[in-house]
Each structure stands twice: as structure tokens, then as C-alpha cells.
Amino acid sequence: MDKTVILCSGSPRRQELLKLLVPEFEIIKSEADETCACTDAEQFAQELSKRKANAVWGRLPGQRQKDIILISADTSVWVDGREFGKPADRQEAFAMISRLAGRTHAVITGVTVRDEKRQVSFSEKTIVCVLPMSEKEIRNYICSREPYDKAGGYAIQGRFSRYITGIEGDYFNVVGLPVSHLWQVLKTFGFE
């Protein structure tokens, strides 16, 4: 592949996962608006990933666009038809984790891959089962740094893993990038 890959994300977790597929890439964080009126989880995730890709694409000089493949993603947590983004503070983190405890929820990641000729967007869904948690367990968890830069207020690969009883679907999707599905799409863009 002779094109430069750009990841439109500042997420260290996405960067680690993309390295499994593409050893070298640039990072340009998207400043796209992340609000969306969509009530369909998959549509919501795809819309935000498209916005992120298009925001970065629009900042690239025209002559450089022919040498670029962009990858953008947005992960959200959904329970009872409601989207849980990143908690703004402890109160919001407490409310989110309280809602997730003892239940299942969906984690949806929307991904967009774009070059000068086409744009492909898809979403991946994983169901996550969480143990019941006491108020003390929730308070202890939200006192860590872990909840505040992650959708739903938790990291499946971190301290919160002690409360996960199982998943149905792609584990890496919950971390922030559906590696296998993305690889299938990248192959259609010429990756081997």
C-alpha cells in the first residue's frame, strides 16, 4: 500500500488496535460536532464516524487527498434506547454505571474509511453483560481516572473488567475499533 493512512482519533486505544492492521499511520484528531439527533444506535455511530472523516478530509490540501486513506470511528454505549457518551463529571459517571450495573447493554462503533474515490461506513454491535454493583463499588470505580474519556464511563480492558460477565460479539469493538470488520473493509481498499 503506497498511500498514507490517517486515523481521525486521539484515542490511545484505537491507535493500539489500528497498529494490529496498519503498522504506520498518522493521527489527525477530528474536531467534528459529536451531537446527533439520531435515535437508531447504528445510524448514530455511522453518522458520527462520517462527520469525523469528512471534517479531517476537508482540512487536507487537495493535492494530498489522492495519497490518503482516512479511518475514523465513534463508539457509543446504548441502554434502553438511550446513548451514553463520555461522562462529563463524577455525578454523570455514577448515573451511567448505576444504569449499566446488573444489566446488558449494546456497544456500537461506527467506522468510516475514505479515500479520494469512495467512502465506506459500517457499524459493529457488541452486547456486554455487567454484574450487579453496590453503590460502594460504583463510587470506588468512578474515583479512578478510567471512566472519564470513555463511552459509557467504563473500560472493558481496565478495572471495570471485574464486573463483566460476558460479551456477545467483537471484544475489540468494545475497546473502540472492530478490528476484524475493519480489516475486511481495508482489503477492498487494496490492503493485503
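Is there a residue in the range 121-140 that is surrounded by 17 or more Cβ atoms within 10 Å (Cβ to Cβ), touching a Pro at 6+ places or on another chain (Cβ under 9 Å), at pLDDT 95 or above and assigned to a helix (DSSP H, G or I)?
No, because not a single residue in the range 121-140 is surrounded by 17 or more Cβ atoms within 10 Å (Cβ to Cβ), touching a Pro at 6+ places or on another chain (Cβ under 9 Å), at pLDDT 95 or above and assigned to a helix (DSSP H, G or I).
What tally of residues in the range 160-182 results from selecting those that are in contact with a strand residue (DSSP E or B) (Cβ under 7 Å, 6 or more places away or on another chain) and either at pLDDT 95 or above or among the aromatic types (Phe, Trp, Tyr) (or both)?
Here the count works out to 14.
Residues checked against (1) farther than 14 Å from residue 14 by Cα; (2) aliphatic (A, V, I, L, M); (3) touching a helix residue (DSSP H, G or I) at 6+ places or on another chain (Cβ under 8 Å):
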residue	(1), (2), (3)
147	yes, no, yes
154	yes, no, yes
164	yes, yes, no
184	yes, no, no
192	yes, no, no
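What number goes with the only condition from (1) within 14 Å of the chain's Cα centre (by Cα); (2) assigned to a helix (DSSP H, G or I); (3) crowded, with 18+ Cβ neighbours inside 10 Å that residue 181 does not pass?
Here residue 181 clears every test but (3).
Spot the failing condition for residue 159; the list is (1) closer than 19 Å to residue 92 by Cβ; (2) touching a residue at least 24 places away in the same chain (Cβ under 8 Å), and only one is missed.
Here residue 159 clears every test but (2).
Considering only residues that are modelled with pLDDT under 90 and under 21 Å from residue 22 (Cβ atoms), which ones fall in the range 58-78?
Within the range 58-78, 59, 60, 64, 65, 66, 67 qualify.
Could you check the range 156-178 and list, in sequence order, the residues that are buried (at least 20 other Cβ atoms within 10 Å of the Cβ) and either small (Gly, Ala, Ser) or part of a helix (DSSP H, G or I) (or both)?
The initial filter retains those residues of the range 156-178 that are buried (at least 20 other Cβ atoms within 10 Å of the Cβ), namely 156, 160, 163, 172-178.
Listed by number, the residues that qualify are 160, 163, 172, 173, 174, 175, 176.
Could you check how many residues of the range 1-42 are modelled with pLDDT of 85 or more and surrounded by fewer than 12 Cβ atoms within 10 Å (Cβ to Cβ)?
Within the range 1-42, residues that are modelled with pLDDT of 85 or more and surrounded by fewer than 12 Cβ atoms within 10 Å (Cβ to Cβ) number 4.
The values are calculated or read from the model by the stated rules, or taken from the named source; none is laboratory data. Predicted model, so just to flag it, every value in this text is computed and none were measured. Glycine gets a Cβ as well: all are built from the backbone with ideal geometry, and neighbour counts include every protein chain shown.
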